[in-house]
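Below is one structure, written out as structure tokens; the observations come after it.
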Amino acid sequence: MMNMIQSTLCLYARALKLLALSLIVLTIVGCGEKGPESKTELAVQGFLSGDISRDGRYAVVGSIHHGGSLWDVAKKERMFDWNHAAGEKSLIRHVSISGDGTLAATTVEDNVVLWETATGKSVAFWKAPARISALKLSWDGRYALLGMINHQAMYFDMNAGSRVFTFEHNAEVRSVDLSDDGLLGITGADDLTAKVWDLQNGDLLHQFNHRNQIKTVAISGKGKYGFTTSQREDSIIWDLKTGESVLKLPNRYTNFTAAQFSEDESKLLLGTFQGVLSIMTLPSGSVESTWQASPRKAYGGASSKAVVAAVFSQKPGGVIALMSDGMLQAFEP
């Protein structure tokens, strides 16, 4: 009799935990009551790629038909056009801005160009071993972590123009990120795994297994937390010291397309394919704020509203995001 009571209580506790997690996810993926405080068009036909500097000052985008460009977010002005060859509008598939905002990188197929944000000048050009499918610059822009279709990720010294480490997967590497302190890197691939790497010696520290392709990964500034998400499966926040999960978000019907930890590692900003943005407090998982991006009218092919990139704004509790329909949107608490 006692064993039956204990079993019933355990099942009840598990049900309550699942209900709590489900409520968190419903808060994240449901229609947020708050919309954007402002909207600015950066591309008529939408984005192929985009990134926002950590301080919210710059946005670099690869537009569908008009090449790459750097924007002043506050002034809402295009600063420079960035293309990989004179006289063309390059298909910029991947972009990244360094943490300090001084440098940006753009890719076309297997080519990488490094640009100065202050002058708009290209300062370096390299050819990767294979077509690039993910890109992240280090805090000072000296290094880059490249995900590639040849089942590899490469940690690259941008100053020296040479490979530091090559990291192996068994399928295309779709997403990469670097800690601000330059000690850790994370890679996510179509082989259903995410891997955390020691960037001092190239060692594999952790491997996180999912049951589907991993599309988005993130790592916090000092390497305390990692985030991995795959299609139609739980999204997980990891403790990178122990390799254990801190929180699981059952998001089988939601794709998280952007993830950014706060500087103090106490919050996680998430963006979805449906245009929902949320700030989550760690490690509790409580949702602090939720917004629903506002798509512009479906003209010229720019009707989608997936979150391409998002950062915490300088206004406490605020967010700045690039949407796939070519809009820059700002949200207030």
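A few comments on the model shown:
- Some residue of segment 185-203 being closer than 17 Å to residue 268 by Cα, in contact with a Lys or Arg (Cβ under 8 Å, 6 or more places away or on another chain) and surrounded by 15 or more Cβ atoms within 10 Å (Cβ to Cβ): yes
- Residues located in segment 83-96, provided they are of a type in the set (Gly, Ala, Ser) and part of a strand (DSSP E or B): 96
- Selection of first residues in segment 242-267 that are over 16 Å from residue 179 (Cβ atoms) and of second residues that are basic (Lys, Arg) and surrounded by 14 or more Cβ atoms within 10 Å (Cβ to Cβ), restricted to Cβ pairs under 7 Å at least 6 apart or on distinct chains, gives the following pairs, ordered by first then second residue: 255/215.
- In segment 235-256, the residue that is farthest from the chain's Cα centre (by Cα) out of those that are under 23 Å from residue 197 (Cβ atoms) and either assigned to a loop (DSSP other than H, G, I, E, B) or of a type in the set (Ser, Thr, Tyr) (or both) is 242.
- Selection of segment 28-71 for residues being of a type in the set (Lys, Arg) and either buried (at least 24 other Cβ atoms within 10 Å of the Cβ) or at pLDDT below 90 (or both) yields only 34.
- Residue in segment 148-155 that is within 23 Å of residue 206 (Cβ to Cβ) and among the small types (Gly, Ala, Ser) present: yes
- Out of 82, 139, 126, 115, sole residue that is in contact with an Asp or Glu (Cβ under 7 Å, 6 or more places away or on another chain) and of a type in the set (Phe, Trp, Tyr): 139
- Scan of segment 257-281 for residues that are outside any strand (DSSP E or B) and either closer than 21 Å to residue 134 by Cβ or acidic (Asp, Glu) (or both), ordered by number: 263, 264, 265, 273
- Subset of segment 159-208 (residues that are among the aromatic types (Phe, Trp, Tyr) and more than 21 Å from the chain's Cα centre (by Cα)): 165
- Of the numbered criteria (1) surrounded by fewer than 19 Cβ atoms within 10 Å (Cβ to Cβ); (2) of a type in the set (D, E, K, R); (3) in contact with a strand residue (DSSP E or B) (Cβ under 9 Å, 6 or more places away or on another chain), the one residue 136 fails is (1).
- Hey, residue 287 more than 18 Å from the chain's Cα centre (by Cα) and either without any contact (Cβ under 8 Å) to a residue 40 or more places away in the chain or surrounded by 15 or more Cβ atoms within 10 Å (Cβ to Cβ) (or both) or not: yes
The values are calculated or read from the model by the stated rules, or taken from the named source; none is laboratory data. Keep in mind the model is a prediction, meaning the values are calculated, not measured. As a convention, Cβ positions derive from the backbone with ideal geometry for all residues, glycine included, and neighbour counts pool all protein chains shown.
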